[in-house]
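Read-outs throughout are calculated quantities, based only on the coordinates presented, and are distinct from any laboratory measurement. A quick note: this is a predicted structure, and the numbers were derived from the prediction, not measured. Here Cβ is always computed from backbone atoms with ideal geometry, including for glycine, and neighbour counts include all displayed protein chains.
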Amino acid sequence: MNLSSLPPLEVLFKNPQIHVKNPHLDTMEEDVLYHFNLGTKTHNLPEMFGDIKFVCVGGSANRMKSFAQFIQQELALPGNMDNITDICEGTDRYSMYKVYFLSPGMGVPSISIMLHELIKLLHHARCIDFALFRIGTSGGVGLEPGTVVVTDKEVDCFFRAQFEQVVLGKVITRSTELDVGVSKELLQCSSELDDVPTVIGNTMCTSDFYEGQGRLDGALCSFSTEDKLEYLRKAYNTGVRNIEMESTVFRAMCRVCAISVIQNKSVSNVTNFL
């Protein structure tokens, strides 16, 4: 795949300013991004990250390292791709590579911790006009393995375009609506890649890998095969085309902070349900 042949996307992905919604940050002498092993006093974040234009989030540490090496080679960037450095190597929570790729762990709790510190990092580094991508694998609903799903809307397990966060014993509901224009632009880009089948659809976020996704092979299972298929057909009829475990919080947090995001997920051959 020749990345230079793809049509330009930057017009849709402008983020002129990050709106960090925490007034307490202005009163802090130092902001320690604990899980990144970075801080505003110990590191010159604008110098390290101020030139960032693309941030890709997704997958395991090894997968993101391989992707960073691939992009470095495709864009003919200087340096030895075999010696690419993990910026977060001082902690074992996450991995980060520049070209800027992040491994967020698995599930809502892990990626939400990462997002808090990523958004603050971009804020402290004074990043502008950047694109934030969420990539990875997912379980397909009514699709062939290998299909790429460009997310049109993130929904929860009740097919609602929202994310619920419990804050001090109260449920806070945040919208997960996406910019439809971004999804259509990405679908147009996929037309340049003949060997990558691509669709637009809703992405459903569940709280776990087994029961929440209707799997029959977990340690616990309280439903039948018929129950599973009925639920997945209902999901498909509402527009769901893939299932994973991080998308709603990713979109909800970025939306509150006025960050445009793009979510692409490839369908694995292990979890094609229908």
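For region 136-274, DSSP calls about 50 percent of its internal beta bridges antiparallel.
Residue-wise HN-Hα couplings along region 237-253, as the Karplus relation 6.51 cos²θ - 1.76 cosθ + 1.60 with θ = phi - 60° gives them from phi, are 5, 8, x, 6, 10, 7, 10, 8, 9, 9, 5, 5, 5, 4, 5, 4, 5 Hz; Gly and Pro carry x.
Which value in nm describes the separation of the simple spin-label points at Arg93 and Glu74, placed 7 Å from the Cα toward the beta carbon? Reported label-point gap for Arg93 and Glu74 is 3.0 nm. For the chain, the Cβ-based charge dipole about the Cα centre amounts to some 480 debye (Lys, Arg positive; Asp, Glu negative; other atoms uncharged).
In the chain, the longest principal axis of the Cα atoms and the axis of helix 108-124 are about 30 degrees apart. Here the chain carries DSSP beta bridges of which approximately 45% are antiparallel, counting only pairs with both residues inside.
Legend: translational diffusion of the chain by Stokes-Einstein, Rh = Kirkwood radius over C-alpha pairs, 4 °C, 1.567 mPa s; D = 66 µm²/s. 3J(HN,Hα) along region 69-78: 5, 4, 5, 4, 6, 4, 8, 6, 7, x Hz, from the Karplus curve 6.51 cos²θ - 1.76 cosθ + 1.60 with θ = phi - 60°, whole Hz, x for Gly and Pro. Fewest-first ordering of Met28, Met81, Met64 by other beta carbons within 10 Å of each residue's beta carbon gives Met28, Met81, Met64. Put +1 on the Cβ of each Lys and Arg and -1 on the Cβ of each Asp and Glu in the chain; which of Val167, Val196, Cys157 then has its Cα farthest toward the positive end of the dipole? Farthest towards the positive pole: Val167. Cross-link reach is defined here as a Cα-Cα straight distance under 17 Å, omitting same-chain residues fewer than 8 places apart; for Lys53 the lysines meeting it are Lys14, Lys98, Lys120.
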